2 protein chains.
Amino acid sequence: MAAKFVSKRNLKFLLYEVFDATVLTQYPAYAMHNRNVFDMVLDAGLKLAEKLLRPAYEEMDRQTPQLEAGQVKAYPAIRSFMQEFGNGGWIAAGFPLELDGEQLPHSVNGLCRFIFAAANYSASVYPVLSAGAAHLITSFGSPELIQAFVPQMLGGKWQGTMALTEPQAGSSLADIMTVAEPDDEGHFRLRGQKIFISAGDHDGVDNVVHLMLARIAGAPPGVKGISLFVVPKKRIGPGGQLEANDITVSQIYHKLGYRGTPITELSIGEKNNCHGYLVGEPHQGLRYMFQMMNEARIEVGLGATAIASAAYYAALDYCRMRTQGRPLGQKDPTQPQIPIIEHADVKRMLLFQRSVIEGSLALVLQCCYYTDLQAVSSEEAQRKYALLLDLLTPVAKTYPSEMGILSTSQAMQCFGGYGYCDDFPAGQYLRDIRIHPIHEGTTGIQGMDLLGRKVIQHEGLAMHFYMAEVGQTIEAAKKNTDLAKYAGQLDEALNALQDVTLHLIGIAQKKGPVAFLADATLYLELFGIITIAWQWLKQAIVIQQALAKSPMGAEAAFFQGKWQTFCYYFAYELPKTLGLIKRLTDTEAVTLKTQTVHFDD
Amino acid sequence: MAAKFVSKRNLKFLLYEVFDATVLTQYPAYAMHNRNVFDMVLDAGLKLAEKLLRPAYEEMDRQTPQLEAGQVKAYPAIRSFMQEFGNGGWIAAGFPLELDGEQLPHSVNGLCRFIFAAANYSASVYPVLSAGAAHLITSFGSPELIQAFVPQMLGGKWQGTMALTEPQAGSSLADIMTVAEPDDEGHFRLRGQKIFISAGDHDGVDNVVHLMLARIAGAPPGVKGISLFVVPKKRIGPGGQLEANDITVSQIYHKLGYRGTPITELSIGEKNNCHGYLVGEPHQGLRYMFQMMNEARIEVGLGATAIASAAYYAALDYCRMRTQGRPLGQKDPTQPQIPIIEHADVKRMLLFQRSVIEGSLALVLQCCYYTDLQAVSSEEAQRKYALLLDLLTPVAKTYPSEMGILSTSQAMQCFGGYGYCDDFPAGQYLRDIRIHPIHEGTTGIQGMDLLGRKVIQHEGLAMHFYMAEVGQTIEAAKKNTDLAKYAGQLDEALNALQDVTLHLIGIAQKKGPVAFLADATLYLELFGIITIAWQWLKQAIVIQQALAKSPMGAEAAFFQGKWQTFCYYFAYELPKTLGLIKRLTDTEAVTLKTQTVHFDD
């Protein structure tokens, strides 16, 4: 297996040269940090990933979690992983000092999680879920709830989960049926069934804390009647001891990939003895849960990018080493074969992967950076960053997931026949990454979220801020003669996006929501390509500044490689917008005219 | 598992209404057949697929072939499959009567193989390989070779293979090193190593007959020194008994999918006792092998289409049954949820799959039909069809393979979270289909074959015929007012393809072959989209004729569904050419400027 799974140089390029994370340390919230601290954290994260997570990557795919006598047995090392993550402060890294966290900027923390996910995606999910669930409790829960659950979760002793999905309520959370009845102790008794719960049970921790959506008996139907509960696998008894809380694992799913994390089906309250603790106000559950869901969506984009990164470095390694064929036009068969990386088509495949991965990572980091800026900004600026984050969340979830699959598939293609065999991990990467357009809201759901909600809400204010952000990058790039051409191309694409948006809003007004959102998935795809072009242009400004200083050696190679990848993206990927624009401004409602009966054949 | 894996109605639509296969029966070569015979053959093929192959689909994925004491143990039922295929005449179906074949047109035979591949891809490969290998012997081998090997192969008793690839010679067949030394008996002794040999050994047959490329000792280097041999696992001894022929299976590959077929590594002549029999003339081996390779390439396109078809019908079944969400704008949560097939985005995903599958199948059938037309045509027309077939082979291999993966991935997406779980076969389809852009020449190789060879050879004669064929469809479509718009769109795309081709030939002249072929893969992609548009327009002419007769019931649904799928393709898929045309006419040589060192980071 290739030793490398991320580019450390690129991480630092993004963190310090593109997004200036050290600026954050000028504000009180992050004043305890400096660049040295960030460097040390990244280096420690990389070391942990290499030593602890990476060696288990393939074995965790084979030794999958098993359900034995009602208990999920995870890969044995998960317990030590969770301890390391807990003791090392990795789960609590983004939490405030008063919760024993490191109060690390999300930008830095996000890159650490990227490293972990690239090393071993399944292993990286456990601590991230705990952090997200704990954040939900600290954001909306009572001090008692925080005290009772959060330290154990951040310490890696208890697992956190998000428990939303039910058999009849996947994309449609309005249909959640798990019921919570008030009990005599001021809490609730829950009854229902949850499916597809990641890390929903395992023996690598002493307890599992579900952040669960349920409906208080008598609550209004639909999303307005959903509340959020903390529902532990084992509740804390009167003497502080842990007691079984009437949750049973009814099955564990066998999956295409992502096999190191148990995905479980839970039966809740079969004996009417499952206690749950309300988080915040009744009927506000979905709103609260959206905090964790939005974090999780960006996390999905980050995870997809990470898997694609590991696959890319595996492919790159192979393409340097594998010899096959000769330069075109020099076909003398007595001459030695050349490494396949020298063939133009192989370079194209590698540039494609790199452009997707480094563009996606920049977008994910942009989202983390907006989160950080919120923490240090005035109220007005906070709103801007919050809206930008909202708008970009479906994009940061989907572009890396959808394009990451294609990138990972290209990585496999680089290996030729060997890529299809188990001797190389290309197959596992491809299996692992395929989950990402599905979980935390499918691509179809993200498309509707973007166009049907984020783009139009507050009279298009988020979109206004977005256009301004991208416009600012375009203006900056136009000042550099080597970039002006590309700035013009992005400008053109951005204008087209605006035209498409107005065209679709016109359709909404004339024909209603069904016609408006029929091609929302394609709109999201268009938005994604343009957003990644923005992230590349942003990087290109820095690349040009660096190249202007005539760097030498490894730095020269790095920046020239970045430049070629940027050029690749604008020459090969950005033009894909043309077909999408054509389709999205076409008024033929093909899908709406197609009736269910038309699929009979 | 969904019961349906192909649309029988669509097969007959293509075979009789689009490509008029009954016309073939007017010629002596096929005069013994009529439509009733074709119908019976298709029905029998479907029954065989349903009864024999389909039930084993999932189990063959789990009970994979094992190497035990030098012998590959295949799935136990393979022996009865081969017997059924042999006794039923399915392997010999396309062979002439004098070889005990049925002399069936390739069009009909191809659809049978499509049915088998859709039912169980791995199982379908065994007989197809035998037929291809036998065809190579009957085309170029001596009467003695034919007599000794072909009847057993067509009877399903002996397995045929194509043995090309070696560790150092995958895409680069010029580098084949297996050596053949003349022996005293007028034959050859072979020594070498072959890898990735499909069905290279198994216990479902009594013998395995390798059609093997090797270099006669002292032959010129490169492709000009490669000869073709029949090399059996067991040679026929003086008394007619079978004797071990010094071929050992050194390993069996464990793969992402396509797990029911053993892919083997063979050591040949370790004891210098492996006898081989020269096929045809020395040093002509690659030319001969291209017959089997070209057949195999179309077969790959057919297989990919078939897997995508099975995945589509599984997804369709699920989308009809699964309820989730409500119509947009009618969000009353007390109303029942609707089947997801009613959501526009789900319809889009299904139409995408159907457009890819039915477009691909039409192209594959077009290739089969050209083969049939060759058999019944004058010499001049034969040349035309041969050139068209040559030109379309890389397209018919690649479009179905590359787009079939996306189609199958969309099928998985239709299932949501369930698609990622082993309860549904979506994951297996996705794993199975991923081999297709790799084997029988990767997509990169196909791109270079199309642009660097097929398009330009004979001063562009094949391209000239192609333009005329597509042009003829466009002219026919223009006569129908409902089709004129679409005919115009294809005309425009076809003109753009011609412009791109001329542009690239200009680059070849100015900058040489490396620059010419740098984006050959994208050229192939462009060619593929336009070719499938042609196949859809061809179908649309028939669809319009059928709809003009106001069909009722199932026929109405079928033709309206076909029409919607055709509209989908022109509205959503054809516009993808715009980005490709932009890139291919852009002169920035991004990949060529990228140096190997630029990938250091």
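With respect to the cross-link table entries A:K582/B:K538; A:K347/A:K538; A:K233/A:K454; B:K384/B:K582, which display a Cα-Cα separation exceeding 27 Å?
Numbers: A:K582/B:K538 23 Å; A:K347/A:K538 23 Å; A:K233/A:K454 36 Å; B:K384/B:K582 31 Å.
Over 27 Å apart, Cα to Cα: A:K233/A:K454; B:K384/B:K582.
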### Query
Setting aside same-chain residues fewer than 8 positions from A:K478, which aspartates and glutamates have a Cα under 12 Å from its Cα?
A:D491
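Students often check this: by mean Cβ neighbours within 10 Å, which of A:255-265, B:161-171, B:122-132 ranks highest, and how do the rest follow?
Working: A:255-265: 23.5, B:161-171: 21.7, B:122-132: 25.6.
Averaged packing, sorted descending, gives the order B:122-132, A:255-265, B:161-171.
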### Summary
In degrees, nearest 10, the alpha-carbon axis of helix A:379-414 is tilted away from the dominant principal axis of the alpha carbons of chain A by 70
### Message
For A:K593, give me every one of the aspartates and glutamates with a C-alpha distance below 15 angstrom, ignoring sequence neighbours fewer than eight places off in its own chain.
### Response
A:D519, B:E342, B:D345
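Once the Cβ-Cβ distance between A:Q147 and A:A217 is put in as r, and R0 is 25 Å, what FRET efficiency do you end up with, to the nearest 0.05?
On the way: r = 28 Å, r/R0 = 1.11.
That gives a FRET efficiency of 0.35.
Let me confirm one metric for peptide A:564-576, namely the mean number of other chain beta-carbon atoms within 10 Å of its residues' beta-carbons. Let's see the in-between values first.
Working: counts 7, 5, 1, 6, 5, 1, 3, 8, 10, 2, 3, 8, 6.
Per-residue shielding by partner chains comes out at 5.
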### Query
For the pair B:D423 and B:K4, what calculated FRET efficiency results from E = 1/(1 + (r/R0)^6), where r is the Cβ-Cβ distance and R0 = 22 Å, to the nearest 0.05?
0.75
### Message
If you fit an axis through the alpha-carbon atoms of helix B:344-376 and take the longest principal axis of the Cα set of chain B, what angle between them do you get, 0 to 90°, nearest 10?
### Response
50
#### Entry: Residue-averaged beta-carbon neighbours from other chains (10 angstrom radius) around B:418-424
6
### Task
Restrict the search to region A:113-153; then list the chymotrypsin sites (Phe, Trp or Tyr not before Pro) that DSSP places in a loop and that have at most 15 other Cβ atoms within 10 Å of their Cβ.
none
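Please compute the average number of Cβ atoms from other chains found within 10 Å of each residue's Cβ in peptide B:171-178. Walk me through the numbers before you get to the answer.
Values: counts 6, 9, 0, 6, 7, 1, 0, 0.
Mean partner-chain Cβ count within 10 Å for B:171-178: 4.
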### Task
Determine ³J(HN,Hα), in whole Hz, for all residues of region A:227-239 in sequence, where each value follows from phi through the Karplus function 6.51 cos²θ - 1.76 cosθ + 1.60 and θ = phi - 60°; x replaces Gly and Pro.
10, 10, 10, 8, 10, x, 4, 10, 8, 8, x, x, x
### Cβ crowding within 10 Å averaged over residues, with B:48-57, A:324-333 ranked highest first
B:48-57, A:324-333
### Query
Okay, helix-only estimate at 222 nm for the protein assembly as shown: each DSSP H run of n ≥ 4 adds -39500 (n - 2.57), divide by all residues, round to 500 deg cm²/dmol; what do you get?
-17500 deg cm²/dmol
### Query
Residues with amide H under 5 Å of A:S250's amide H, sequence separation 5 or more or different chain, H placed in the peptide plane at 1.01 Å from N; which?
A:E265, A:L266, A:S267
### Query
Restricting attention to region A:260-310, which trypsin sites (Lys or Arg not before Pro) occupy a DSSP loop and are surrounded by at most 13 other Cβ atoms within 10 Å?
A:K271
### Task
Pull up the cross-link candidates among the lysines for A:K51, meaning alpha carbon to alpha carbon under 25 Å and not fewer than 8 places away within one chain.
A:K4, A:K8, A:K12, A:K73, A:K157
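Tally the DSSP beta bridges in chain B and give the antiparallel ones as a percent, rounded to 5. Mind showing how you got there, number by number?
Values: 33 of 41 bridges.
So the antiparallel bridges amount to about 80 percent of the total.
Just the number: Rg to Rh for chain B, Cα atoms, Kirkwood Rh, two decimals. List each step's numbers first, then the result.
Values: Rg = 24.5 Å, Rh = 25.2 Å.
We get a ratio of 0.97 for chain B.
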### Message
Suppose R0 equals 51 Å. What FRET efficiency, 1/(1 + (r/R0)^6) with r the Cβ-Cβ distance, do B:D100 and A:K511 give to the nearest 0.05?
### Response
0.20
### Task
Going by the rotation axis that takes chain A to chain B, pick out the residue of A with the closest C-beta and quote the gap in whole Å.
A:L578, 2
### Task
Compute the acute angle (0 to 90°) between the alpha-carbon long axis of helix A:576-585 and the principal axis of greatest extent of the alpha-carbon atoms of chain A; round to the nearest 10°.
60
### Task
Quickly work out the B:D20-to-B:A244 label distance, labels modelled 7 Å from Cα along the C-beta direction, and quote it in nm with one decimal.
6.0
## Note on the structure
Spelling it out for B:T594: with amide H atoms placed in the peptide plane at 1.01 Å from N, the residues 5 or more places away or on another chain with amide H under 5 Å from its amide H are none
## Note on the structure
Expected sort for A:231-240, B:558-567 on mean C-beta neighbours within 10 Å, highest first, is B:558-567, A:231-240
### Task
Could you pull out which residues in region A:376-395 have an amide N less than 14 Å from a spot 7 Å beyond the Cα of A:A476, following the Cα-Cβ vector?
none
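Every read-out reported here was derived from the displayed coordinates using simple, explicitly stated rules and does not represent laboratory data. Computed from a prediction, not measured in an experiment: that's the story for all the values here. Neighbour counts run over all protein chains shown; Cβ positions are idealised from the backbone, glycine included.
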